[in-house]
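Encoded as structure tokens, the structure appears first; notes follow it.
All of the numbers you see were taken from the coordinates with simple rules; none came from a lab. Predicted, not measured: the structure shown is a model, and the values here were computed from it. All Cβ positions, glycine included, derive from the backbone under ideal geometry; neighbour counts span all protein chains shown.
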Amino acid sequence: MSKEKKIVQIGNASGFWGDDPYALQRQLKERQLDYVTADYLAEVSMSILRKQQNRNPELGYVADFLEHIELAIEEFRHSQTKIVTNAGGNNPVDCAIHLQKFLTEKGIRKKVVVITGDNLLERVDDILEKGVSFNNLEDGREFSEVSSGIQSLNVYTGSQPIVEALRNGADVVIAGRISDSAMTIGPLVYEFDWSWNDWDKLSAAMIAGHIIECGSQATGGNFSDWRDIENWEEMAFPIIEMEETGDFIVTKQGHNGGLVNEFTVKEQLVYEIADPEFYYGPDVIADITSISVKEIGEGRVKVSSAKGKPAPPTWKVSMAYIDGFKASGSLIISGPDALKKARLTDEIFRKRLGIEFEKFTTNFIGYNACHKQLAKKIEPNEILIQFNVFDHDRKKVDKFAKMLSSLILSVPQGIAVTGGRPKIQEVMRYWPALVPRELIFAEIVEVNSIGETDKLGEIFPETQKEFSESEKEHADLKTGKTSTSVWHQPVKAKLQSICLARSGDKGNMVNIGVLARSTEIYPFLKTELTANKVKKWFESLCEGEVKRYELDNLNALNFTLSKALDGGGTYSGRIDPQGKTFAAALLNIEMEIPENLMPIKK
């Protein structure tokens, strides 16, 4: 008799801090999963959590996680599913203590294990003395420019501490700024006992983690073909079913809404990546160009043949530093000539202020706030005017806040109040850097039913073959092969008709992944959708270089647009500081498309 094939099922119940509070309950209720991951953190999250912790030392973690457990408490009580989360933020120990106390009150016995070691704020001087520069990974600026204002400093750690936590019997693993994919890699390495230098299997696990880490983005959320989704009410969250070989299925709970098909999975694969052959993580460098993606049944997509490269010698560090002050306020203008009145109101306000700010942006929301010159010319009936100022001189920002409301009675007709006086905030900006992996270690700590902690051990990264840049022999910017396809008479149509797209941010950079709707369409995209064209289309939004990468295996192109988010994150004056709308803007562009590539009209 053949041995039954082992399958490990991992679902996700959160893609960001603020996600669906009932997702965990649904994942625990529908079927018995082996693990559920919950991702709450982004680059800006750690600085927000640090602010909370500065006000109250017992805070600094994502309290939403405890609320999500409470909503799913009865399902969790009877479930054998283990939970892995980064909800610990800057304070994973107190997060675990509060969780364990709550579980004890409910008469539930679960082993809660904490992973620490990602927070390097107290170690920064020691690490600098060892020769680490912490210079900015994106623009090369020296760390000394911002070192005095650093508020949080966390390294994206690997999955080895998760494996050790599970070996110690953990039912719930709470970490800080562990890498997103590590929450999936750890359980799989533990279950299958994979070697730490089995790069292909680790790559498969990392790719699986990348697919599910953003929650419902893999099950129809933010999907280009959103009209294909029939049930939005109880949005499904993704599940992967992993085989020991490294091949896996992407699916969802059968009774939930949303959609899983070839393109929902592919869209997530090209989300927030740069060079797809070198998708970096602390455990492995995954090659997304190596994989095969195939729909094998309704709601089931198989991903196979993943290849990986040795883990990098350095790990990414995410910092937040204080960089001046900002304020934002809005007014709405309505009626005839709304756009003309909005522009005049902007001019009036700037002249009355009479101040040169380090940055002053105005967004005409409802006209072209997201897409600037790509927006069609319209005559809107109403426009929300959003003003944003940034400056290191708080007095300037204070004058802005006090003067905004004075416009209400002294500008053209049709104005309405949308809020009170703008609140002045400190600007927390993102600073990425690198640190050698050998300088990082993690502690594994158990929190018992009365909130006491017991250290279980320390984990140092496995010694691995160092990755050399000489291995990266391909060119960063690919031009594509000359197509031999026959293209018929062109017609003018939107890109949406022949491709799908998804976009996301990394600091001040945007990536746009573009997927051809068929193998026949892809050669046309490779020839016509060049980096230069994308740069020209987004010239009012992108100040930096545009690079293009090819994923022939997915019939996809990936574009990275540098200096495209007005500083990015909390320093951006844009209505879309995370670049989520770039994909929609690209799909809305009209171009000459061969008639034989256009979809058949039903």
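Values as computed for the structure displayed
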read-out: Positive-end residue, segment 490-597 charge dipole about Cα centroid, Cβ charges, pick of L587, N555, S540; value: S540
read-out: Top positive-direction residue, dipole computed over segment 263-402 with Cβ charges, set P336, S318, G281; value: P336
read-out: Magnitude of the charge dipole, the chain, Cβ model with Lys/Arg +1 and Asp/Glu -1, debye to 20; value: 2080 debye
read-out: Nearest-0.05 FRET efficiency for R55 and N135, computed from C-beta distance (R0 35 Å); value: 0.65
read-out: Residues whose placed amide H lies under 5 Å from that of T37, excluding near-sequence neighbours; value: G11, N12, A13, V84
read-out: Debye, to nearest 20: dipole size of segment 502-602, +1 on Lys, Arg Cβ, -1 on Asp, Glu Cβ; value: 200 debye
read-out: Phi-based couplings in Hz for segment 585-592 (Karplus 6.51, -1.76, 1.60; Gly and Pro marked x); value: 5, 5, 5, 7, 6, 9, 8, 7
read-out: Cα-based Rg / Dmax (Å) for segment 1-154; value: 19.0, 67
read-out: Centroid-to-centroid separation of segment 1-53 and segment 124-169 [C-alpha atoms, Å]; value: 24 Å
read-out: Computed helical MRE - 222 nm, the chain, DSSP H runs ≥ 4 contributing -39500 (n - 2.57), nearest 500; value: -6500 deg cm²/dmol
read-out: Relative contact order (%) - criterion: Cα under 8 Å, at least six apart; region: the chain; value: 14 percent
read-out: Trypsin sites (Lys or Arg not before Pro) restricted to segment 222-300 and DSSP loop, no more than 11 other C-beta within 10 Å; value: none
read-out: Distance between segment 279-336 and segment 419-456 - C-alpha centres, whole angstrom; value: 20 Å
read-out: Long-range amide H partners of K359 with built H, under 5 Å; value: F390
read-out: Using a Förster distance of 35 Å, the FRET efficiency for V491-R167 (Cβ separation, nearest 0.05); value: 0.05
read-out: Distance (nanometres) between label positions extended 7 Å along Cα→Cβ at K294 and D393; value: 6.6 nm
read-out: Pairs beyond 28 Å (Cα-Cα), from K326/K376; K377/K536; K201/K252; K307/K455; K377/K533; K341/K563; value: K326/K376; K307/K455; K341/K563
read-out: Dipole magnitude of segment 326-429, debye to nearest 20 (Cβ charges: Lys/Arg +1, Asp/Glu -1, about Cα centre); value: 160 debye
